[in-house]
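Okay, so here's the structure we're looking at.
The values are calculated or read from the model by the stated rules, or taken from the named source; none is laboratory data. Remember, it's a predicted structure, so these values are computed and weren't measured experimentally. The area values use the complete protein model at the heavy-atom level, side chains included, leaving out ligands, DNA and RNA. Shrake-Rupley method; radii C 1.70, N 1.55, O 1.52, S 1.80 Å.
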Amino acid sequence: MLQVFSAAGLPCYAVPGNHDIGSGGEANALEVFQCDYFRLRSVPAWEVATAGPLDDERPLFNLLSIPYFRRDYILAADPSLSREQADQCCGEAAEAVIRGLLAQCDPTLPTVIMAHHNVPSARLSNGYETLSQSDPFIPLRALDRAEVAYTALGHIPRHQDLGTVCPVVFS
């Protein structure tokens with residue numbers, strides 16, 4: 001698909017997922033595609049960018065990039081935490097960061113969130129809820145907000161829309 005979009009002159013945006021984040025210094029999967037041929041654009045992690053069809057045109061929307069975050073970073077900072085406590089810290093931190101990023105958005109433009117995370121109540125391809133999984137979660141309330149036009153989620157390989165206020169969609 002990257003080649004199709006590139007041939008049409010459209011940039012693609014990517015957010016790092018759990019398989020794209022190295023443990024220190026090595027290249028990640030997204031770096032392979034960051035060349036002019038694919039026109040892949042990455043939004044700096046935990047930041048807001050405005051995005052348009054081409055770099056020299058006016059922006060069409062705000063874009064928030066929420067990469068996968070690893071529980072082991074939290075546990076390394078405070079080894080006394082249990083896995084459940086570390087997951088709670090990850091979720092609370094992600095929610096606080098998203099609120100802060102939304103405050104930085106241009107209110108005249110629609111806002112899109114890209115995140116590579118689990119969300120409570122998401123279902124895996126086998127139909128089980130993700131609560132039985134061992135990944136940290138972003139609370140749904142952090143993504144399903146009136147000031148967000150669309151949330152694009154990765155990590156769970158099953159199409160589903162969890163939103164009630166705005167689309168919160170695993171593709």
_Nonlocal amide H pairs with residue 150, under 5 Å, H built at 1.01 Å_ = 111, 113
*Could you pull out every residue, at least 5 positions away or on a different chain, whose amide H is within less than 5 Å of the one on residue 160? Hs are placed 1.01 Å off N in the peptide plane, and Pro or chain starts have none.*
170
*asked:* Can you work out the Karplus-derived ³J(HN,Hα) for every residue in the range 157-164? Use 6.51 cos²θ - 1.76 cosθ + 1.60 with θ = phi - 60°, whole Hz, and x for glycine or proline.
replied: x, 8, 5, 6, 10, 9, x, 10
*Kindly report the accessible area of the range 96-171 per residue (heavy atoms of protein chains, probe 1.4 Å, no ligands, DNA or RNA), in Å².*
49 Å²
